[in-house]
Amino acid sequence: MLDRIREGSQSLWVKVFLVLIALTFALAGIGGYIANQPEPAVAVVNGEDITQVEFERAVESERNRQQQQLGDFYEQLARDPRYTQRIRAQVVNDLINQKLLEQAARDRGLRASPEQVKAAIRDISGFKVAGQFDNDLYLTTLRSMGYTPDGFAELIRRDLITQQLVRGIVGSEFVLPSEVDNTLQLLGQERSGAFTQIAWEDYRDQVEISDADIETWYNQNLQNFAVPEQVKVEYVLIDGAELAEQLEVSEEDARAYYEGNLSRYEDAPRYRFSHILIESGDDAAAAEAEAEALLAEIEQGADFAELAQANSDDIFSGEQGGDLEWIEPGTMDADFEEAAFALENIGDITGVVETSFGYHIIKLTDKEEGSVTPFEEVRAEIAENLREQQVQNRYYELQQEVAKLAFEVPDTFSAVTEATGLTAQTSDWISEGSARGALAAPAVVQEVFSNEMITDRFNSDIIEISDTESVVVRVVDHKDATTQPLSEVTDQVRQALTVERAQELALQRADAIATAVRSGEATDAEFTEVSNATRQSSEYPRMVVQTLFGMAAPAADSSNIDTVTLENGDIAVVRLDSVSAGQVDAEQSVQLQEQLLNNYSQEVYSAVINALRGDAEIEMLLSSNSDSLEP
């Protein structure tokens, strides 16, 4: 296990921990633990289902993560159905890996104690305010995600057990000091020598090309002159962003909405409760009796908070004297709420209340009256929401209208444009790889290059490009794939052949120079000295540096020679004279040791996952190229 992690490093076990926690947040709530009805599965791993609910929530979690990471660029990516398919494939793959690790950990008898679960929950940054665990934030977050504290604790327990297995695997890796030193010496290596550059342009005038040469080269390189199938397309685009610019929300409309939906801007009364929970366990009667005894103590004047700290089975509220923070109706067990919200005065206490979690004693500790947010504070929000709703409605209406008219008058968009005010546009010639904008969407490309569209020249159905863009298209002209005739590309062929043959002459000159240098013979070539070049040196041509570091170290008092083609087509003769090992730096050694250890750990982790997959029975029920379940 890595005990120290360099700031900003991406160590494997940290990645694994975060992925497991992220997937935990994406899984189904406590309902999955108490419901008996089977859910559809997207995969079955050794007989255990990965449910559709788990999968969809994990996909949504991954989308949210990428949206936060990529910002505005995410919207462009999300329009491509292939991107969505990649996300879904990645998520189901991660869920399968997680399930395999859970099963392996369980088979090996790994466990996590309640204290470990509690410590892990307290350490989740999403539950912290100013670096400290916030119980109110913790409970609020869990409620918004559909969890109870016990349900969430069970998921964390499973993750901790899995982490034990992962740490045991990757934590067995180590790096020897000699490995670090050797790697540093190799990375920091310096090489000296020289190079000479032979320009192919110097041989251009020596090249003679006949018409027969041109024809032969053309026939041998026909793929260079292939022209793909092309179409011209007429299309009508429905763009939600353009619709939004055209729509305005009046002050009267915003106020009417506010007054008609006043309940949305009312803060309901809030109630703060404390409770003592005695879990039913295997003996419900004994648990009830214990709760009754505690109630009797409270009625005789015992301190509620002290009894909660000493006796409550709730993991966190007990430490806070039973405090559950502020609670609104609809967030707790129905039996709990029925008893709790029946309390009227601060300090009132219920009798023993039975719920699915056990037996509770509930105390009302505080309450706040409700309030109404003034219209002025929510005017902008209401206007934006109304605009979005109007855009959605108008967008949907246009989709229906355009689809209907494009079908009824199938060989023109005139009816569509006259009735909707939308504009019909016509593209230039496009191939499958050259389309831009709305026409570049994979679904559109597939449609316009289909045999039916090319043959019939009828309007397409509505094609949804994204959540806010859709289009209808019609092929108006078509060109089959072909090859440019030699008459059109003669000059291009002549130039390519000239360069090719001039480079051959330059290479012959380079080989002659290299042979002379190896033999110790004199040469009139002028060499540029290379002194103590590193792998990152930029003052010499990139390919020269790569060649220097690709050659074997020369013997004492000798040199190694090689030739290489540079980026501009010139040929270089490269001479390596000496190699100096890099220096070993203590600070760099520490950093490199962590990086090497991380690399080794990743390799081992990948090997374990591959081994688990190799031995597992995995049935994929989600189609790889669609969002639907396979039959």
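The values are calculated or read from the model by the stated rules, or taken from the named source; none is laboratory data. Given the structure is predicted, the values throughout are model-derived calculations rather than measurements. Note: ideal-geometry Cβ built from the backbone for every residue, glycine included; neighbour counts use all protein chains shown. Protein only, heavy atoms only, side chains kept; ligands, DNA and RNA dropped before computing areas. Shrake-Rupley method; radii C 1.70, N 1.55, O 1.52, S 1.80 Å.
Sequentially through segment 591-605, phi angles give Karplus couplings (6.51, -1.76, 1.60; θ = phi - 60°) of 5, 5, 4, 5, 5, 5, 4, 5, 4, 4, 5, 4, 5, 5, 4 Hz, Gly and Pro residues having no value and appearing as x. Compared with the dominant Cα axis of the chain, that is its longest principal axis, helix 375-408 is turned about 60°. Note on ALA581 and ASP134: with the Förster distance fixed at 51 Å, the Cβ-Cβ geometry gives a FRET efficiency of about 0.40.
For segment 78-211, pairs of C-alpha atoms spaced more than 25 angstrom apart make up 63 percent of the total. Counting only lysines at least 8 places from LYS404 when in the same chain, those with an alpha carbon closer than 30 Å to its own are LYS232, LYS479.
Apply 1/(1 + (r/R0)^6) to the Cβ-Cβ distance of ALA419 and GLU464, taking R0 = 22 Å, and write down the FRET efficiency to the nearest 0.05.
On the way: r = 21 Å, r/R0 = 0.93.
According to the calculation, E is roughly 0.60.
Just how far, in whole angstrom, is segment 136-158 from segment 242-262 if you go by their alpha carbon centroids? Measuring centre to centre over Cα atoms gives 37 Å.
Could you give the dipole magnitude of the chain about its Cα centre, charging the beta-carbon of Lys and Arg +1 and that of Asp and Glu -1, in debye to the nearest 20?
Values: 46 positive and 116 negative charges, 411 e Å.
With only Lys, Arg, Asp and Glu charged at Cβ, the dipole is about 1980 debye.
For GLU266 and THR141, the FRET efficiency from 1/(1 + (r/R0)^6), where r spans their Cβ atoms and R0 equals 30 Å, is about 0.80. Phi-derived couplings, Karplus 6.51 cos²θ - 1.76 cosθ + 1.60 at θ = phi - 60°, listed residue by residue for segment 484-501: 4, x, 4, 4, 7, 10, 4, 4, 5, 5, 4, 5, 4, 5, 4, 4, 4, 6 Hz, with x used for Gly and Pro.
Modelled this way, with points 7 Å down the Cα-to-C-beta line, the labels at ASP411 and ASP181 are 8.5 nm from one another.
Excluding ligands, DNA and RNA, the accessible surface per residue across the chain is 55 Å² with a 1.4 Å probe.
Return the label of the correct value of Cα extents along the principal axes in Å, as calculated from the structure shown, out of [x] 130, 56, 46; [y] 112, 78, 51; [z] 81, 66, 51. Recomputing Cα extents along the principal axes in Å here picks out [y]. For the pair segment 399-457 and segment 544-575, the centres of their Cα atoms are 56 angstrom apart. In the chain, the longest principal axis of the Cα atoms and the axis of helix 52-70 are about 60 degrees apart.
With a/c under 1.5 counting as rounded, go ahead and sort segment 383-459 into rounded, prolate or oblate using the C-alpha gyration tensor (a ≥ b ≥ c being the square roots of the eigenvalues; past the cut-off, prolate if a/b is larger than b/c, else oblate). Write out the running numbers ahead of the final one.
Details: a/c = 2.44, a/b = 1.51, b/c = 1.61.
Note, shape of segment 383-459 comes out oblate.
Direction-averaged projected area, Cα convex hull, segment 269-369: 5.8 nm², rounded to one decimal. Listed peptides 449-460, 516-527 appear in the order 449-460, 516-527 once ranked by packing, highest mean of other Cβ atoms within 10 Å at the front.
Here segment 171-188 and segment 270-332 have alpha carbon centers that stand 56 Å from each other.
Measure off, as a whole percent, the carbon and sulfur share of the 1.4 Å-probe accessible area of segment 120-179, all protein chains present.
After summing per-atom areas, the C and S share lands at 56 percent.
Relative protection proxy for 265-272, 506-513, from highest mean packing down: 506-513, 265-272 (other beta-carbon atoms within 10 angstrom).
Think of the chain as having a plus end and a minus end, set by charges on the Cβ of Lys, Arg, Asp and Glu; of SER371, VAL544, LEU262, VAL544 sits farthest toward the positive end of this dipole. Would you work out which of ASN451, ALA438, GLY151 lies farthest towards the positive end of the dipole of the chain, given +1 charges on the beta-carbon of Lys and Arg and -1 on that of Asp and Glu, about the Cα centre? So the residue furthest toward the plus end is ASN451. Computed from Cα atoms, the angle from the helix 12-26 axis to the main principal axis of the chain rounds to 50 degrees.
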